[in-house]
1. Are there any chymotrypsin sites (Phe, Trp or Tyr not before Pro) in the stretch 244-334 that are in a DSSP loop and have at most 13 other Cβ atoms within 10 Å? List them by number.
2. Only sites in a loop by DSSP and with at most 10 other Cβ atoms within 10 Å count here; which chymotrypsin sites (Phe, Trp or Tyr not before Pro) in the stretch 57-127 make the cut?
3. List the extent of the Cα atoms of the chain along each of their three principal axes, largest first, rounded to whole Å.
4. Please give the helix 231-241 orientation as an angle from the longest Cα principal axis of the chain, in degrees from 0 to 90, rounded to the nearest 10.
5. Please report, to one decimal in angstroms, the Kirkwood hydrodynamic radius of the stretch 1-141 built from all distinct Cα-Cα pairs.
6. What translational diffusion coefficient, in µm²/s and rounded to a whole number, does the Stokes-Einstein relation yield for the stretch 31-97 at 25 °C and a viscosity of 0.890 mPa s, taking the hydrodynamic radius as the Kirkwood radius over Cα pairs?
7. When the chain is fully extended, how far beyond the present Cα-Cα distance does ASN125 get from ASN343, taking 0.36 nm per residue of separation?
8. Report the calculated FRET efficiency for GLU455 and GLU258 (r = Cβ-Cβ distance, R0 = 51 Å), to the nearest 0.05.
Amino acid sequence: MRETNRWYNNISLDGKATYGAFDFDAQVYATSEEKGFLQPYNRYKFGVYNEYFRIIGGDYTPGYQTLVMNGKRVRGVTGSVHLGFFNVQASYGEINRGVDGTIAEILGPNASLLGSDKILLPDGNVARITQGTFKRNVFAVNPYFTAGETFKLGFTYLHSKDDKTTAQFTRQPQENVVAGTEMTINLDDNKIQLYAQGAFSVLNKDIETGDLSNETIDKVFGPGGAFSGNSEDIKKIKDILSQFITFNQFLSPLKPEELSSLAYEASLALNYFGNYFKGTYLSRGFDYNSFGNNYLRTDVSGFNLFDRVALLDNKMFLSLGYERLEDNRNKTKFATTAFTNFNASISYYPSFDLPGVILSYSRNVNNNGILSTDPDIQRRTYGIDDYTNRFGVQVTYRFFAGFNHNLSATGSFASRKDNTVFKFDANNTMLGLNYATEWSKSLQSFLTFNMSNNEIINGSLNTTQTFNITSIVAGAKYYLMQNRLVLNGSVSPTFGDLKRYAFDASALYYILKNFSLQVQIRYLVNDGYANDSIVGLTSRYELR
């Protein structure tokens, strides 16, 4: 790409076996993209399964209650025991690889230490660093009780800690403890579903110095100290908490009684008479933090409603959704922002030989109640007042006219309006057309048309930026030698603000039923800079 060559090597091995009452599986994925200074790309896994237990070693993504641990890869061991009414699962391993940082620049002894990328070296100099990552281990355990599909009550505990010996040039090592519970009740053959979960977290943002000593507690708390409170009471709290997490001045939340690190949600779903309804209320404090789920949105509370109705003997479906969330849950911000989202769609599928149609509309509104005609006030107070309207249409049609044809057309129209003094508006139009024909069991062709027009308007500066592209893809697939050889080819010109031609070709050949080779070639003719070529060779062998 861009006159630069790079060779990628990837190998993937998957195997499954059964012996008596035991099932086994193994997976290996190794790639030349694996580097010691990056998080792992390689994946290894081996599992043993039985009716009563599961043991999985290597790289695995376990499932716990979503507030505590969700979508996190663990390199270690995960096991579970299933005894009917009582069950338990647990995981232990590494979720972050330890990668040391490097010194990017020596700034001298008098340089400022402000900034997360500045550190003080032992010789007294201040250095700017490229930050590394501590090795971070996690332990999670989840005992739970079940009664078939009707009832489930579970408890989850997670402890995660950085290994401060694995990196020198990086941020402060941290530690996290989370405790949670969840409950599910399903009634009337799952037509009534109740679900609730909650969790409380404690985070230590710097465990470098370890626990506070009793001598330090006596100096800091009580008469003459920097903080009010009885030092003996603080020592008792330390004796309890230090069994779970490092106890020092960097613990969060600072005021547990304000419940700023509490997160919870509850939902009710009803499914009767072709009508599925679900309502959810959620609340997550701004201090809530779980190393098992780094992508959870916090400092938010509110509700969402969803309803889907089946009409005309399940030929028409009407869906409605409404959500209203607010931040500033613990009143730590200057203003509270409300996020309101409304979605509606109607789908109609009259019969197999008639077109199906989907119409959709959504509106997203964000407002924190701060409006001013003074740009300086807007900048200082972060005024928010905008809304986005989006309309969509999709038509699909399968028909026979000498041959089998499949036609799909889509359209999306979005407009964002900013009511603050910045007038940062945006418009987007997208049109798409896909047409495929099956000329025979051996030959298929396709034609795709896509157009995207984008406009970004800065009303305060009276400027407008546009980015418009149109692309066409025409190609075919051909089966030969009793489907042992599959040929693909396509050409794709792109016009507008991006101009290029793309040529793609591939050949897949089955040497044996379980052994195949595939060659893929892509050549890009670019406008204004060097052309690109990509060549790939893939071999696949299945052990049976």
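Read-outs: derived from the displayed coordinates by stated rules, not from any lab. Values in this document were obtained by computation on a predicted structure and should not be read as measured data. Methodologically, a virtual Cβ is constructed for each residue, glycine included, from the backbone with ideal geometry; neighbour enumeration extends over all protein chains shown.
1. On the way: sites: PHE244, PHE247, PHE250, TYR264, TYR272, PHE273, TYR276, PHE277, TYR281, PHE286, TYR288, PHE291, TYR295, PHE303, PHE306, PHE317, TYR322, PHE334; in loops: PHE244, PHE247, PHE250, PHE273, PHE286, TYR288, PHE291, TYR295, PHE334.
Taking the stretch 244-334 and a limit of 13 other Cβ atoms within 10 Å, the loop chymotrypsin sites (Phe, Trp or Tyr not before Pro) found are PHE244, PHE273, TYR295, PHE334.
2. On the way: sites: TYR60, TYR64, PHE85, PHE86, TYR92; in loops: TYR64, PHE85.
Listed in order of number, the matching sites are PHE85.
3. 93, 74, 65
4. Approximately 40 degrees, to the nearest ten.
5. Details: mean 1/r = 0.0530 Å⁻¹.
Evaluated over the stretch 1-141, this radius sits at 18.9 Å.
6. Working: Rh = 13.2 Å.
In µm²/s, the coefficient rounds to 185.
7. Working: separation 218, 0.36 × 218 = 78.48 nm, distance 5.67 nm.
Extra length from ASN125 to ASN343 when fully extended: 72.8 nm.
8. Working: r = 45 Å, r/R0 = 0.88.
The computed FRET efficiency comes out at 0.70.
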